[in-house]
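Asker: Below are the structure tokens for one structure; questions will follow.
The values are calculated or read from the model by the stated rules, or taken from the named source; none is laboratory data. Here the structure is a predicted model, which is why all the values come from computation and not from measurement. For neighbour counting, all protein chains shown are included, and Cβ atoms are generated from backbone atoms with ideal geometry for every residue, glycine included.
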Amino acid sequence: MVKTHFIGGIHGVGKGTICKKVCDQFDIVYLSASELLKWNEISEIDNKKVVDINNTQDRLIAGFRNATKDNSVYLLDGHCCLFNALGEIERVPLETFEKIAPNSIIVVTEKPEIIKKRLEERDSQLYDIEVLLKMQNIEIEYAEIIASHLKISFIVIKNGNIQPLIDVLK
């Protein structure tokens, strides 16, 4: 049986950094949703907008199934919400999480000012702090709904404090 902990959060919040740090401490495999669905193959421009969210989620599920094996533990870094082609915040279909069947959902949060700075440095473009704050709040709310629906644990990591994640993994 595959054991997966879904690590959600908006772009630039530090999911990958946290996952890599935790995986170094435990015998856990780190998976990135972007790599599993091969985002670089389907993204025409370097932005955060997703033209076809359902297609990307189908690609994610297929990539996840191909990358995982029984009796292993994974941290899957991904999103509960995305920007659609119009730049609107859209929830990832609940079915995606039903098919991935995570054992827990952990949402990484950070101060919007820090996220904005990270994204602007990484992407060389400007970001609206209010949009980032709104997206982070929707990500948290929806992640909690997903966890409740799946009857699994829900945890929020605030400002880089990974102790709640370590406690789940012990």
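Asker: Go through (1) of a type outside the set (S, T, N, Q); (2) touching a His at 6+ places or on another chain (Cβ under 7 Å); (3) at pLDDT 95 or above one by one and return the number of the condition GLU144 breaks.
Answerer: (2)
Asker: Sticking with this one: Scan the range 79-91 and tell me whether some residue there is modelled with pLDDT under 95, over 27 Å from ALA147 (Cα atoms) and assigned to a loop (DSSP other than H, G, I, E, B).
Answerer: Looking through the range 79-91, at least one residue is modelled with pLDDT under 95, over 27 Å from ALA147 (Cα atoms) and assigned to a loop (DSSP other than H, G, I, E, B).
Asker: Check off (1) farther than 21 Å from PRO164 by Cα; (2) surrounded by 21 or more Cβ atoms within 10 Å (Cβ to Cβ); (3) modelled with pLDDT of 95 or more for GLU139 and give me the number that stays unchecked.
Answerer: (1)
Asker: Right, another one. Counting only residues that are under 22 Å from VAL92 (Cα atoms) and either aliphatic (A, V, I, L, M) or more than 17 Å from the chain's Cα centre (by Cα) (or both), how many does the range 149-170 have?
Answerer: 7
Asker: All but one of (1) in contact (Cβ under 8 Å) with a residue 60 or more places away in the chain; (2) surrounded by 15 or more Cβ atoms within 10 Å (Cβ to Cβ) hold for VAL131, so report the exception by its number.
Answerer: (1)
Asker: Now for a separate question. Would you mind telling me which numbered condition in (1) over 30 Å from MET1 (Cα atoms); (2) touching a Cys at 6+ places or on another chain (Cβ under 8 Å); (3) at pLDDT 95 or above VAL107 fails?
Answerer: (1)
Asker: I'm told GLN125 meets every condition in (1) surrounded by 15 or more Cβ atoms within 10 Å (Cβ to Cβ); (2) part of a loop (DSSP other than H, G, I, E, B); (3) polar (S, T, N, Q) except one. Can you identify the failing condition by its number?
Answerer: For GLN125, the failing item is (1).
Asker: Can I ask one more? Which one is surrounded by the fewest Cβ atoms within 10 Å (Cβ to Cβ) among residues in the range 35-75 that are modelled with pLDDT of 85 or more and in contact with a Gly (Cβ under 9 Å, 6 or more places away or on another chain)?
Answerer: GLU35
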